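Trainee: Mind having a look at this structure? Questions to follow.
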Amino acid sequence: MITFSGVTKRYPDGTTAVDNLDLEIEAESFTVFVGPSGCGKTTSMRMINRMITPTKGTITVGGRDIADVDAVKLRLGIGYVIQGAGLLPHRTVVDNVATVPVLKGDSRRSARKAALAVLERVGLDPALASRYPGQLSGGQQQRVGVARALAADPPILLMDEPFSAVDPLVREDLQAEMQRLQAEMRKTIVFVTHDIDEAIKLGDRVAVFGPGGRLQQYDTPDTVLSVPANDFVASFVGRDRGYRGLSFRTADQVPLHTIRTATEKEVPELTLEHGDWALVVTDTGVPTGWIDGIGVERARAGRPISECTAAGGSLFTPGADLRQALDAAISSPAGIGVAVDADGTVAGGILGAEVIAKLAEQRAAEDRMRSELHLSCEATSTDRP
Ligand code: ADP
Ligand code: MG
C-alpha cells in the first residue's frame, strides 16, 4: 500500500504543484491519476519514488515512511515508465531491459536471459532484442519501456503518460496489453494520464486532480462517471461525453458504400472532377491514401505517389463501434470513411450522416423498449389485489 498524508509540494518559485494530498493506494490495484495538464499529477507520482521531495506531509510505502528509506534502494522496488519510453539510444533493446537487474547485481548473462523473457511477456518479438531503440516504432519502444520497468520484478510500477505519444490504434493495443499483464502480475500500478477515457478503461480507482494540485475525487471509474463529486469533475468527465457514448454502440448495421479506388499504376489514368477523391490502394487492396484531381496532375508530372496523396483518416475495422465509424467518416479528407476487412483490404465507405441516423434508430428502439417495459410494469401492479 502507498499512502499520502497531508502532502504538499511547493516549488522554489512559489508554485503549489500539489496541495495537501491525502490518498491511500491499495496494494495490487491499478490507480490512475487523471486531470488537465499542470494539476500536479507528475509531481505527485514522482514523490513516490523520491525523485521529488515533498514540502510537507508524509508518504509511506508498505507502511514505511519513504523519507527513511535509501532512495536508491527504494527505486529498485519501483518500476518507472515515461512517455517516449526514455530508452538509452546506444544500448540494444535487450541491454536496455537488463539495466536494472544488472544494477541490482545480477550477472549480465542471467540479466539478458531474463530480459528476453520479459520482452516476450510484453508482446515483443524476441528478434527485436538486438536492435537499437531508434530502429523500433513508437509503440514498440513503449513496450520496451514497460519491459524495462518490469525486468527487476518490482512490486510497484509508476507510469507517467506512457501511451500519450503513440497513435490511437497502437495506444489501444498497449492499453489492452497492460490490462492483460496486470491480470497476470497484480502489481501496484500508479498511472498518470490527461485522458479520461484511458483512466476509465484502465483504473480500478481513479484520482481526479484539479487546479492548484488539489485532489477532487478518488473513486471507482463508475462512480466518477455517474456521481461526479463537484462541477469541476462533472465538466472534466463530461467533455465529449456524447461522442464517447458512441463507443458503447454497435456499428454492425451501418451501410457500406462503394468507394472509387485506384492502384498506384492506375492513378495517372484517373479523371477526377474538382472535389472528387479516389482512394489509392496497394495491388492487394490495402488503402494507402486519398488523391484528388490536383494530386493526379502531380502524379502525371512524375511526382512519387506518396507526395500526391492526402493522408487517409482513421480506419473502421470489423466489429468496431459507432464512435470509430463516425471518426473514420469525419477524419477522411474525402468526406467518406474507409472500412477495411480483417486483412486490411477496403470493405467500403461510411457516411457520417448515416452513422448519426443509426444512432437515432438505436435510440428510438430503446425508447420503444422502455415504454413497453413501463406498460408491462403498470399492468402487473394493477393486477395485484
Ligand atoms: P501535471 O503532471 O499534472 O501536468 P505537474 O506535476 O508536472 O503537472 O506540474 C504541476 C505544477 O507545478 C505546474 O504548474 C507546473 O508548471 C509546476 N512545476 C512542475 N515542475 C516544476 C518545477 N521544477 N519548478 C517549478 N514549477 C514546476
Ligand atoms: Mg505530467
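The values are calculated or read from the model by the stated rules, or taken from the named source; none is laboratory data. No experiment lies behind these values; they were computed from the predicted model shown. Note that we place each Cβ from the backbone using ideal geometry, even for glycine, and neighbour counts take in every protein chain shown. Note: accessible area is taken over every heavy atom of the protein model, side chains too, but ligands, DNA and RNA are not part of it. Shrake-Rupley method; radii C 1.70, N 1.55, O 1.52, S 1.80 Å.
Trainee: Please list T193, T220 from largest to smallest accessible area, probe radius 1.4 Å, with all protein chains kept in place.
Mentor: Result of the area sort, largest leading: T220, T193.
Trainee: Separate question: Using +1 at the C-beta of Lys and Arg and -1 at the C-beta of Asp and Glu, which of A176, P162, G245 has the Cα lying farthest in the positive direction of the dipole of the chain?
Mentor: Of the candidates, P162 comes out farthest on the positive side.
Trainee: Further question on the same structure: Restricting to Cα pairs below 8 Å that are 6+ residues apart, what does the relative contact order work out to for the range 43-174? Please round to a whole percent.
Mentor: Relative contact order comes out at 32 percent.
Trainee: Sort E120, E177 from largest to smallest accessible area, using a 1.4 Å probe on the heavy atoms of the protein chains.
Mentor: Output order, biggest surface exposure first: E120, E177.
Trainee: Something else about it: Could you tell me which residue out of L272, A262, F236 lies farthest along the dipole of the chain toward its positive end? Charges go on the beta carbon: Lys and Arg +1, Asp and Glu -1, centred on the Cα centre.
Mentor: After comparing all options, I get F236.
Trainee: While we're looking at this one, here's another question. So for the chain, taking the charge dipole from beta-carbon charges (+1 Lys/Arg, -1 Asp/Glu), which of V72, A129, Q217 sits furthest toward the positive end?
Mentor: It is V72.
Trainee: A further question follows. Can you tell me, using C-alpha contacts under 8 Å and at least 6 residues apart, the relative contact order of the range 211-342 as a whole percent?
Mentor: Contact order relative to length: 19 percent.
Trainee: So who's got an amide H within less than 5 Å of the one on A165, skipping anything under 5 residues away but keeping other chains? H placed 1.01 Å off N, in plane.
Mentor: The answer is G84.
Trainee: List the GluC sites (Glu not before Pro) in the range 213-307 that DSSP assigns to loop (not H, G, I, E or B) and whose Cβ has at most 16 other Cβ atoms within 10 Å. Which are they?
Mentor: Those that pass, being in a loop and sparsely packed, are E273.
Trainee: Hey, another quick one. Relative contact order of the chain: what whole-number percent is it, with Cα pairs under 8 angstrom and at least 6 residues apart?
Mentor: Normalised by residue count, the contact order of the chain is 14 percent.
Trainee: Bin all alpha-carbon pair distances of the chain at 10 Å intervals from 0 and give each bin's fraction as a whole percent.
Mentor: Here the calculated profile for the chain is 5, 18, 22, 22, 18, 11, 4, 1, 0.
Trainee: Under 29 Å Cα to Cα from K187, which lysines show up? Leave out anything in the same chain fewer than 8 places away.
Mentor: Within reach: K9, K41, K56, K73, K104, K113, K201.
Trainee: Now for a separate question. Given Cβ point charges of +1 (Lys, Arg) and -1 (Asp, Glu) and nothing else, what value in debye, to the nearest 20, does the dipole of the chain about its Cα centre take?
Mentor: 1680 debye
Trainee: How much of D125 can a 1.4 Å solvent probe reach, expressed as accessible area in Å² and rounded to 10?
Mentor: Here the accessible area works out near 90 Å².
Trainee: Moving on. Magnitude of the Cβ-charge dipole of the range 261-357, K/R +1 and D/E -1, about the Cα centre, nearest 20 debye?
Mentor: Once rounded to the nearest 20, the dipole reads 200 debye.
Trainee: So what is the accessible area of the chain per residue, in Å², with the probe set to 1.4 Å?
Mentor: So the chain comes to 51 Å² accessible per residue, rounded to a whole number.
Trainee: Accessible area of the chain with a 1.4 Å probe: how many percent of it is carbon plus sulfur?
Mentor: The C+S portion of the solvent-accessible surface of the chain is 51 percent.
Trainee: Going by alpha carbons, how many degrees (0 to 90, nearest 10) lie between the helix axis of 108-121 and the longest principal axis of the chain?
Mentor: Compared with the principal axis, the helix lies near 40 degrees.
Trainee: May I pose another question? What's the ranking of 70-83, 241-254, 356-369 by average number of surrounding C-beta atoms within 10 Å, highest first?
Mentor: For the peptides 70-83, 241-254, 356-369, the packing ranking is 70-83, 241-254, 356-369.
Trainee: In the range 2-248, what % of DSSP beta bridges are antiparallel (nearest 5)?
Mentor: So the antiparallel bridges in the range 2-248 amount to around 50 percent.
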